[in-house]
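This report refers to the structure that appears directly beneath it.
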Amino acid sequence: MPVRPPVPAATRGPVKLDLDWDALEVAVERNSPDTDSYLDLSSGRIITITTGDPEATLNRQQVSENIRNYLRVEPASSREQYRWMEKFVGSVTDEALRERLIISIDGKGAFRRFKDVLLAYPAERERWFSYRAELLHWHIQQWLEQHDISASNEPPWGTVQPPTELPTVGRPVVHGTEAPGEALRRQARDLIETIPAIELPTAIAFMEFLKQRSVDQIAKDAHLNHDLHLNHDNHDNHDDDEPS
């Protein structure tokens, strides 16, 4: 049974709730076509419905039959979160790292590659998580105000201020008709075409070496930053959606 649209704020009046802030934050940062989250307007709880979950049908029916008591949580879109990454990359002062990040956020898999690059830079990675948290919390506050919802309990992150405007360092992040990563791959393919066939085994062996070195480096960085990973597990679990 399809879930009917939620009742607009204008027709139900203001609501004051004891909000489950942690669950609401997870719902806002999770952007998946297989998952919908709803705020229970009578309790402040979050109900999450994920396709394939054994309780999905029951939860969907509960929301549908009591639609006036539920409001769909609007997550920050993948496109919006991608823009957050672009702004952050533009503020990185380390030129070499900035160039790597510009390439990493190009094309499918951008979110995961972006995080993989930051694994080797704990200070910048921590700065990214702090900046992203500011943006998420601002998104939550704006959404609550839009729907005339106030909280009787304070959020664990304290008073929300407008997000910090990051300074742009170096050239801006602009992805044109040909992405930076694709430009490099095209250049590599052009070079391959000029190499004599007798030299190709050596070239292929070297590329395999580079590929394995990259895999080994990611594994090493992940091990060195294990503690940092644990501190941000909740964030990592919802970063895998691709920009639309």
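The values are calculated or read from the model by the stated rules, or taken from the named source; none is laboratory data. The structure displayed is predicted, hence computed values, not measured ones. FYI the Cβ positions are ideal-geometry reconstructions off the backbone, even for glycines, and counts take in every protein chain you see.
Within segment 156-169, residues that are more than 19 Å from Glu25 (Cα to Cα) sit with their Cβ atoms under 8 Å from residues that are assigned to a loop (DSSP other than H, G, I, E, B), at 6+ positions apart or across chains, in these pairs: Leu166/Ser91; Pro167/Ser91; Thr168/Ser91; Val169/Ser91; Val169/Val92; Val169/Thr93. Restricting to segment 1-22, name every residue that is modelled with pLDDT under 95 and among the aliphatic types (A, V, I, L, M). Selection gives Met1, Val3, Val7, Ala9, Ala10, Val15, Leu17. Where helices (runs of 4 or more DSSP H) sit wholly within segment 18-128, those with at least 1 residues that are within 15 Å of the chain's Cα centre (by Cα) occupy 21-29, 78-90, 95-104, 110-118. With respect to the conditions (1) touching a residue at least 24 places away in the same chain (Cβ under 8 Å); (2) at positive phi; (3) among the small types (Gly, Ala, Ser), Ser64 falls short on a single one, namely (2).
Only one residue in His175, His147 is at pLDDT below 95, under 26 Å from Arg72 (Cβ atoms) and of a type outside the set (Gly, Ala, Ser), so which one is that? Don't jump to the end; show me each part of the working.
Values: His175 fails: under 26 Å from Arg72 (Cβ atoms).
Within the list His175, His147, the selection yields His147.
So is Ser32 among the small types (Gly, Ala, Ser) and at pLDDT below 90 or not? In short, yes.
Can you name every residue in segment 84-111 that is surrounded by 15 or more Cβ atoms within 10 Å (Cβ to Cβ) and basic (Lys, Arg)?
Just the residues of segment 84-111 that are surrounded by 15 or more Cβ atoms within 10 Å (Cβ to Cβ), to begin with: 84-92, 97-107, 110-111.
Passing the criteria: Lys87, Arg98, Arg100.
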